[in-house]
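Step one of this worksheet: look at the structure below.
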Amino acid sequence: MNKKKPTKKAKSNKTKDIKLELQEAKDKYLRLYSEFENYRRRTSKEKIEMIDSANKDLLKEILPISDDFERAIKSSSDSKNIIDEKGVNLIYQKLKGILEKHNLKRMNIKIGDDFNTEMHEAITSTPSDKKLKGRIVDVIEDGYMIGEKILRFGKVVIGT
């Protein structure tokens, strides 16, 4: 049997083919790795957004309770109510602490501020002095933000 020895040219072609295959495999690996990293970042971001969304819904439902506590405290300090003002105040402070822990901030709305449609919701308008025209005359319900996003618009009365 006569076996032919591979020539240098054949060896060189085989080496080039193997190097080309190796380069293609590296490219595939890098693309796959990049796609996986993008997927991991995207799912991580979606997971955080989903948790934040759930927190927003919960906080939105808790806000009216906070408002009721504020009204009860104000009412009990205005009159001689039977309500234990210290106990109600303590419960309110705990609730307020929990809300602040979740990055909930009350909007600082003052009477006389300019009406801003991006932060305030006008419930009604009332005749007022010239200096309060188009400005906030009364705050019905405070507005709240989570970070820089508005959770609830401040409900206000504006002057006309």
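Residues of segment 21-40 include at least one that is modelled with pLDDT of 80 or more, open to solvent by 90 Å² or more (accessible area, probe 1.4 Å) and closer than 30 Å to residue 146 by Cβ.
With respect to being assigned to a helix (DSSP H, G or I), open to solvent by 60 Å² or more (accessible area, probe 1.4 Å) and under 30 Å from residue 153 (Cβ atoms), residue 57 fits the description.
The values are calculated or read from the model by the stated rules, or taken from the named source; none is laboratory data. The shown structure was predicted, so the numbers you read here are calculated from the model rather than taken from an experiment. Positions of Cβ are backbone-derived with ideal geometry, glycine not excepted, and every protein chain shown enters the neighbour counts. The accessibility values were calculated without ligands, DNA or RNA, using every heavy atom of the protein model including side chains. Shrake-Rupley method; radii C 1.70, N 1.55, O 1.52, S 1.80 Å.
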